[in-house]
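See below for the structure under consideration.
The values are calculated or read from the model by the stated rules, or taken from the named source; none is laboratory data. Here the structure is a predicted model, which is why all the values come from computation and not from measurement. Every residue, glycine as well, gets a Cβ built from its backbone with ideal geometry; the counts of neighbours run over all protein chains shown. Only protein heavy atoms, including side chains, enter the accessible area calculation; ligands, DNA and RNA are left aside. Shrake-Rupley method; radii C 1.70, N 1.55, O 1.52, S 1.80 Å.
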Amino acid sequence: MHILVTNDDGINHPGLLALAQAMRALGEVTVLAPDRNWSASGHVKTMHRPLRARETKLADGTPAMTTDGAPSDCVALAILGLVKKKIDLVVSGINPHANLGHDVTYSGTVTAAMEASIAGIPGVAFSLETLHENGGKDDFAPAGRIAQQVAVQVIEHGLPENTVLNVNIPYLQDDEFKGFRVTRQGLRIYNDELVQRADPHGTPYYWIGGEPPSGVAEEDTDIGSILDGYISITPLQLDLTARAFMRELRSWEWEKAS
Ligand code: MN
């Protein structure tokens, strides 16, 4: 079993280290992760500039590789031959902050898993619901142990084609988790606000600001699950076709549209 570990927060993030350490119990681990934070970068394929890769070490002294590409670039580079040995499983994370509902369309963590799936390799994304009062000093060890349990299941069962697992872990200690719940995507509520300021030349610039997103906490969703203390396992498919709408869409007056 050869497991590729990547993330979207950068090679030095403690969530990546926790995930790499957790995966070592299951097989050989290769770490290839971005050299900077790519959070909320979506699914990227870098095509118009070269990508550089170099060897480095994680904080525990183990060898790793880093590139100036996005998380999905890291996965593509590895699978296309930068990593010589065949990869059996790709895991991404552990992201600080949950990736819930519509977040998955922004998430570099999730799109790294999707890139694996496109190449026919099982991909799993792990995110930890981070508490703002932790001030960034999160303990990723319990989430690492959960990631190990999930990876064991994926190794045993495999995943269907074009399907990834999006795993969200509540911020709890080992004995506080209530269990695992298979969920659907919930409804995120974004509280984005446009913040406009002026630079020293008087030219306006913009931030997309506002409060962190909230969400509708229905029990069978990712959002409701982590609020209830359960680890949320959402199967995501790369086929985004809105099948329920196809019939009505066909009934539009397409013959007049030309
Ligand atoms: Mn991130």
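Students often get this wrong, so check it: of K85/K137; K45/K84; K57/K178; K86/K178; K57/K86; K57/K137, which have C-alpha atoms separated by over 28 Å?
With Cα atoms farther than 28 Å apart: K85/K137; K57/K178; K86/K178.
Rank these residues by their accessible area, most exposed first, probe 1.4 Å: V75, V182.
Final ranking, largest accessible area leading: V182, V75.
Please label the shape of region 178-226 as rounded, prolate or oblate, based on the square roots a ≥ b ≥ c of the eigenvalues of the alpha-carbon gyration tensor (a/c under 1.5 means rounded; beyond that, a/b larger than b/c means prolate, else oblate).
Prolate.
Just to check, using Stokes-Einstein with a Kirkwood Rh over alpha carbon pairs, what's the diffusion coefficient of region 215-258 at 20 °C and 1.002 mPa s in µm²/s?
D = 157 µm²/s.
When only C-alpha pairs under 8 Å and at least 6 residues apart count, what is the relative contact order of region 1-102, in percent?
RCO, region 1-102: 40 percent.
For the chain, set up a GNM with springs between Cα atoms under 10 Å and report which of T111, T241, T62 has the largest fluctuation.
With Cα springs under 10 Å in the chain, the top fluctuation among T111, T241, T62 is at T241.
Under 21 Å Cα-Cα from K256, which lysines qualify once same-chain neighbours fewer than 8 residues away are excluded?
Straight-distance partners of K256: none at all.
Project the alpha carbons of the chain onto their principal axes and report the range along each, largest first, in whole Å.
Between the extreme Cα coordinates on each principal axis of the chain lie 62, 55, 42 Å.
For Cα pairs less than 8 Å apart in space and 6+ apart in sequence, what is the mean separation divided by the residue count of region 34-159, i.e. the relative contact order in percent?
24 percent
Between V152, V31, V167, where does the largest GNM mean-square fluctuation fall for the chain, given springs only between Cα atoms within less than 10 Å?
Answer for the Gaussian network model of the chain: V152.
In whole Å and largest first, what semi-axes does the C-alpha gyration tensor of region 16-59 yield when each eigenvalue is scaled by 5 and square-rooted?
Ellipsoid semi-axes (Å, largest first): 24, 13, 11.
Using the alpha-carbon centroid of each, what span in Å lies between region 21-45 and region 184-258?
Here the answer is 24 Å between Cα centres.
Based on DSSP loop calls and a cut-off of at most 12 other Cβ atoms within 10 Å, the longest stretch of the chain free of exposed GluC sites (Glu not before Pro) is what?
So the longest stretch without any such site is 1-160.
Could you work out the percent of alpha carbon pairs in region 30-152 separated by over 17 Å, rounded to a whole number?
Of the Cα pairs, 59 percent sit more than 17 Å apart.
Test of understanding: in a Gaussian network model of the chain with alpha carbons linked when under 10 Å, which of R247, R181, R24 would top the mean-square fluctuation ranking?
R247
Using just the C-alpha positions of region 36-77 as equal point scatterers, what log10 of I(q)/I(0) does the Debye formula give at each q in 0.24, 0.31 1/Å?
-0.88, -1.14
In nm, give the distance between the simple-model label positions of F180 and R24, each being 7 Å from the Cα along the Cα-to-Cβ direction.
In this crude label model, F180 to R24 measures out at 2.4 nm.
Give the relative contact order (percent, whole number) for the chain; include only Cα pairs under 8 Å separated by 6+ residues.
17 percent
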